[in-house]
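> Dropping the structure in here first, questions after.
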Amino acid sequence: MADEGKLNRGRLFAELISADADVLLEACEERNLVGGEELFHENDPGDSLFIVQSGRVDIFKNIRGDLDRSLASFGPGDIIGEMSFIDGARRSATARTTEPSEFLVLSRQSFGRVQKERPDIAAAFFRNMAGIVASRLRTTNELYREAVAFSIEATGAHTLNLKALANELRPVTLHLAGGQVVTGRILQMDHHAAGYTVVLKLDNDRLTIVPYHAIQRIDLA
């Protein structure tokens, strides 16, 4: 079984003493992947969650064709795939390692045996997992609020937010402070310590990053 020193016993094992946590760890299988390998693919059947032991995993969705949108990045101690573990639905996104990574894999079937034999351990584990899911939902809600707050007037249309333009991959022309004009498709908005930036794919397929505050007007093609 995995080295206990690698396992972040933070929120996922918060209410469990070491012996109880070991019951769950013994129900897990180990999986090792090289960098660039998929842990699971969007729309795959899903009934397991993954605990990252080492390495890093990017979560992304395919937007169109060969264009992917990065959603999150997870490292040691994080859990991945918890939604499909809870409801058995298909994977809502793709997970791919960015470097050699080690995982503990807990299937619903294995967890079901723990539920039957040690319902107290299963209940504590579910409470911790529910807290993690709730925290992620709050983060998602905040990101959505910020995306709506950073709406901008687009010529020839009602107020459109940049998230909607990115989701639609609409051709746009950005008029920047200083008179510069840039044409392309908005891929996403990123938040950095210095503020928001817009990632734009130019007509020649190159990517450019534009500070949000530099945009004076957006024209829809």
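Computed from the coordinates by the stated procedures, all read-outs in this text should not be read as laboratory data. What you see is a predicted model; the values in this text were computed from it and never measured. In this analysis, Cβ positions are derived from the backbone assuming ideal geometry, glycine residues included, and neighbour counts consider all displayed protein chains.
> Go ahead and run the numbers for FRET between Val34 and Lys201, Cβ-Cβ distance against an R0 of 30 Å, rounding to 0.05.
So the FRET efficiency works out to roughly 0.55.
> Which FRET efficiency value, to the nearest 0.05, do you get for Glu99 and Asn62 by plugging their Cβ-Cβ distance into 1/(1 + (r/R0)^6) with R0 = 35 Å?
After rounding, the FRET efficiency stands at 0.95.
> Here's something else I'd like to know. Determine the relative contact order of region 37-137: mean sequence separation of Cα pairs under 8 Å and six or more apart, normalised by residue count, in whole percent.
The normalised contact order for region 37-137 reaches 35 percent.
> Residues of region 49-63 with backbone nitrogen within less than 11 Å of a virtual label 7 Å along the Cα-to-Cβ line of Asn43, please, listed as ranges.
62
> Could you derive backbone 3J(HN,Hα) for region 206-219 from the dihedral phi with the Karplus parameters 6.51, -1.76 and 1.60 (θ = phi - 60°), listing whole Hz in sequence and x where the residue is Gly or Pro?
Calculated HN-Hα couplings, in order: 7, 9, 9, 10, 10, x, 4, 5, 7, 7, 9, 7, 10, 9 Hz.
> Whose amide H sits under 5 Å from the amide H of Glu99, counting only residues 5 or more places off or on another chain, with H placed in the peptide plane?
HN-HN under 5 Å from Glu99: Gly36, Arg56.
> Simple spin-label model, 7 Å along Cα-to-Cβ: His175 to Thr208 in nm?
Going from the His175 label point to the Thr208 one covers 1.6 nm.
> Same structure again: May I ask you to list the residues of region 15-55 whose amide nitrogen lies under 19 Å from a point 7 Å from Cα along the Cα→beta-carbon direction of Val133?
Correct set: 15-16, 43-52.
> Peptides 199-209, 43-53, 13-23: what's the order by average Cβ count within 10 Å, highest mean first?
Most protected by this proxy first, the peptides run 43-53, 13-23, 199-209.
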